[in-house]
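First the structure, in the form of structure tokens, and then the observations on it.
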Amino acid sequence: MSNFDYFGGVDFSGGREPLANLWSAVGVERDDRLHIVDLRPHAFREDLRHFLCHPPIDAERGLWGMDFPFSLPCAVSDALMNHEGPATWQAQVEWLAFQTPGDVETMAKPHRQTLRAIDPPGAMAALNLRLLKQTVAGARLLNELLHQEGAAVAPQMPIGTAKCVFIEVYPSATAKDLSLKGRKPNRPGQARARPEMLEPWLRFEHPSLAATAVTLEDAWDAVIACLTAWLVRDDLNQPTRVGKHEPAAVEREGWMYRHPEAV
């Protein structure tokens, strides 16, 4: 049985605030399925930060799937930090959290296309210009969650009894793993078919939530991120179980969680 009372997913945005494409989804497990009970946009990341550990549901402990890079490649973080302090994941996040996207863009120019060891095929490099702002904003968010909310991040740190646990996910990979067709539906029938595709794993508490998810891509990705968290709820030791990368790489770069049957 899972040790979590609820599950969440976030489709992250690195653009300027107020944001139109930052969405969260919250679900609970009932009858061996995930039931989406909340789906909403967040105009400001500060609103999201508070919401993550204080969702409006009667539950205490949550597992959140977040769709942004939680780390930099080991060699890149070493080069950028210039060996300032210990070479750990948390030190890297703290360093990155206090940089500006512009400064990181300048420093990281030679490393824009460098992938992490843990990146699956098709993933974008954390410092790619299309993703760089999300990477920096995400580090700032994680740093605040760790220090202000007592959150934990798996597998980079022990989760203990933390009320909020965060994992990195990749909704596009989950959609592929579950054979969900129609990444961007271009016909009404394709959008209406989306809830049926999810039926084996997920249901929506209200038709309005389903309507939002099937028509807005950012809301859909938040739902898939939430579904990924639910799918891996009993497989947080996935990187150790899979054994694909050296423990040292996982300790510093973390892990991108996938459907347990796909890795």
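Just so you know, in the stretch 3-19 the residues that are surrounded by 13 or more Cβ atoms within 10 Å (Cβ to Cβ) and in a loop (DSSP other than H, G, I, E, B) include one that is nearest to the chain's Cα centre (by Cα), and it is 12.
Of all the residues in the stretch 108-135, those that are outside any loop (DSSP other than H, G, I, E, B), within 23 Å of residue 45 (Cβ to Cβ) and not hydroxyl-bearing (Ser, Thr, Tyr) number 3. Within the stretch 218-251, the set of residues being among the hydrophobic types (A, V, I, L, M, F, W, C), open to solvent by 10 Å² or more (accessible area, probe 1.4 Å) and in a loop (DSSP other than H, G, I, E, B) comprises just one member, 236.
Scanning the stretch 160-190 for residues that are hydrophobic (A, V, I, L, M, F, W, C) and either farther than 25 Å from residue 118 by Cα or modelled with pLDDT under 90 (or both) yields one hit, 180. For the stretch 76-106, a residue qualifies if it is open to solvent by 40 Å² or more (accessible area, probe 1.4 Å) and in contact with a His (Cβ under 8 Å, 6 or more places away or on another chain), and exactly one does: 79. The residues of the stretch 65-89 that are assigned to a helix (DSSP H, G or I) and at pLDDT 95 or above amount to a single one, 89.
Residue pairs whose Cβ atoms lie under 9 Å apart, separated by 6 or more positions or on different chains, with the first residue in the stretch 106-123 and touching a residue at least 12 places away in the same chain (Cβ under 8 Å) and the second basic (Lys, Arg) and outside any loop (DSSP other than H, G, I, E, B), are 122/176.
Output yes when any residue across the stretch 138-149 is of a type in the set (A, V, I, L, M, F, W, C), open to solvent by 30 Å² or more (accessible area, probe 1.4 Å) and touching a helix residue (DSSP H, G or I) at 6+ places or on another chain (Cβ under 6 Å), and no when none is. There is no residue in the stretch 138-149 that is of a type in the set (A, V, I, L, M, F, W, C), open to solvent by 30 Å² or more (accessible area, probe 1.4 Å) and touching a helix residue (DSSP H, G or I) at 6+ places or on another chain (Cβ under 6 Å).
The values are calculated or read from the model by the stated rules, or taken from the named source; none is laboratory data. It should be emphasised that the depicted structure is a prediction, and the values quoted were computed from it without experimental measurement. FYI the Cβ positions are ideal-geometry reconstructions off the backbone, even for glycines, and counts take in every protein chain you see. The accessibility values were calculated without ligands, DNA or RNA, using every heavy atom of the protein model including side chains. Shrake-Rupley method; radii C 1.70, N 1.55, O 1.52, S 1.80 Å.
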